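Visitor: For reference, the structure I am asking about is given below.
The values are calculated or read from the model by the stated rules, or taken from the named source; none is laboratory data. Being a predicted model, the structure only gives us computed values, none of them experimental. Glycine gets a Cβ as well: all are built from the backbone with ideal geometry, and neighbour counts include every protein chain shown. Note: accessible area is taken over every heavy atom of the protein model, side chains too, but ligands, DNA and RNA are not part of it. Shrake-Rupley method; radii C 1.70, N 1.55, O 1.52, S 1.80 Å.
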Amino acid sequence: RETIENYQESFTSIERCPKPVICAVHGACVGAGVDMITAGDIRLCSQNAFFTVKEVDVGLAADVGTLQRLPKVVRSESLVRELCFTARKMFAAEAKECGLVSRVFPDKKAMMANALGMAKLIASKSPVAVQGTKMALVHARDHSVKEGLDFIKNWNMSMLLSEDIAKSFAGKLAKKTPIFSKL
């Protein structure tokens, strides 16, 4: 029991990381790989990627996050059950179609270039805004709209004290990219 809890916590720490986590999949994403990417924020893959929840083939129910996160990522209970009960491979095009990944690239090089470019773009944004957005999205997934609105209201109320809003407006007025302080 303790070992499984430690594994669960290690994957949940990806989800709780205050920075957005970009997952880039090239080739096979099997078993715990699916657990890992469903805890991430943005999922990209190359054309040759495939995904499989393999645990039923080794006599287990997936136990470190796939069964809890995949239904919220894909939003098709039937597809999730099919993948988890059969351990069939889902290829890149289907993964995009069902929402497991947001983009498919022709090869690993293009995928990695895009993932790094996206990371640089996100890093150029206000860390207060990016982290607040991530926290609000994770919170909203597991709560009602009203609870989500209350959460972000309280978050933004306290974040109005940060310098990021002023830096953002000053940058827009000066037509320069603002430089934000690190958190």
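Visitor: Go through the stretch 138-166 and give me each residue that's under 23 Å from the mean Cα position of the chain (by Cα), within 14 Å of P127 (Cα to Cα) and β-branched (V, I, T).
Guide: Answer for the stretch 138-166, where residues must be under 23 Å from the mean Cα position of the chain (by Cα), within 14 Å of P127 (Cα to Cα) and β-branched (V, I, T): there is none.
Visitor: With the condition being modelled with pLDDT under 90 and of a type in the set (D, E), I'd like the helices (runs of 4 or more DSSP H) fully within the stretch 81-182 carrying at least 1 qualifying residues.
Guide: 145-159, 164-174
Visitor: Filter the stretch 162-183 down to residues that are loosely packed, with under 10 Cβ neighbours inside 10 Å and of a type in the set (K, R), then give me how many there are.
Guide: 3
Visitor: May I pose another question? What do you reckon, is V30 more than 26 Å from M135 (Cα to Cα), modelled with pLDDT under 95, open to solvent by 40 Å² or more (accessible area, probe 1.4 Å) and not polar (S, T, N, Q)?
Guide: no
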